[in-house]
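Novice: Please read through the structure below; I'll follow up with questions.
The values are calculated or read from the model by the stated rules, or taken from the named source; none is laboratory data. As the structure is a computational prediction, the values presented were derived from the model and not from experiment. A quick note on method: Cβ atoms are made from the backbone with ideal geometry, for glycine too, and the neighbour counts reach across all protein chains shown.
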Amino acid sequence: MDRQVGSCRFEGATIFVTGNGGSVATAPPFATDIGKGASFGRSVRFRVIALTDSMLTITAYANDVGYEVVFAEQLRSLAESGDVLVTISGSGTSPTIVRVIEAAQRIGLDVVSVAGCIWLFAIQRRSRSWRATTTLRSNPSSF
């Protein structure tokens with residue numbers, strides 16, 4: 001995750017952050033910590049956007065198209081190849097998360113997925129399947 005997210009500052013890439021369920025509340029502070037906390041006072045800054053922040057956009061897509069595309073459609077409008085998507089999800093299998101990962105991979109983004117409660121790495125570089133480039137995952141029942 002350090003490589004994908006950390007290199008964005010110097011490459012001018014944008015980091016897009018999203019989550020589903022309770023993780024919708026985790027995405028904005030994560031984006032703020034990177035955008036403000038890791039950028040303030042530095043000449044080269046991170047560009048980061050939480051796709052969870054615009055309720056107007058989310059509800060417009062949910063109402064007119066379908067809830068499963070609320071993040072994917074935003075990403076299609078904003079992202080460019082070389083950007084990074086960070087998803088945060090308890091299971092990682094929500095239709096909103098699967099669809100945004102599929103959109104990210106079609107555009108050419110690296111994807112970092114945070115799933116579960118404790119993070120473990122499983123790296124898969126730009127697969128054509130819906131899996132993330134980097135998955136941070138754990139099994140809560142193993143505690």
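Novice: Do any helices (runs of 4 or more DSSP H) lying entirely in the stretch 1-96 carry at least 1 residues that are over 15 Å from Val114 (Cβ atoms), without any contact (Cβ under 8 Å) to a residue 60 or more places away in the chain and out of contact with any strand residue (DSSP E or B) (no Cβ under 9 Å at 6 or more places or on another chain), and which ones are they?
Specialist: Hits in the stretch 1-96: 2-6, 8-11, 55-64, 72-78.
Novice: Against the conditions (1) at pLDDT 80 or above; (2) within 28 Å of Phe10 (Cβ to Cβ); (3) not in a helix (DSSP H, G or I), where does Ala104 fall short? Just the number, please.
Specialist: That leaves (3) as the condition not met.
Novice: Look through the stretch 1-29, keep the residues that are among the hydrophobic types (A, V, I, L, M, F, W, C) and modelled with pLDDT of 85 or more, and return whichever of them is surrounded by the most Cβ atoms within 10 Å (Cβ to Cβ).
Specialist: Only one residue tops the list, namely Val17.
Novice: Just one of Val65, Val86 is exposed (fewer than 13 other Cβ atoms within 10 Å of the Cβ) and under 17 Å from Val100 (Cβ atoms); which is it?
Specialist: Result: Val65 is the single residue among Val65, Val86 that is exposed (fewer than 13 other Cβ atoms within 10 Å of the Cβ) and under 17 Å from Val100 (Cβ atoms).
Novice: Conditions first: (1) modelled with pLDDT of 90 or more; (2) within 13 Å of the chain's Cα centre (by Cα). Val69 passes all but one, so which condition is the exception?
Specialist: Here Val69 clears every test but (2).
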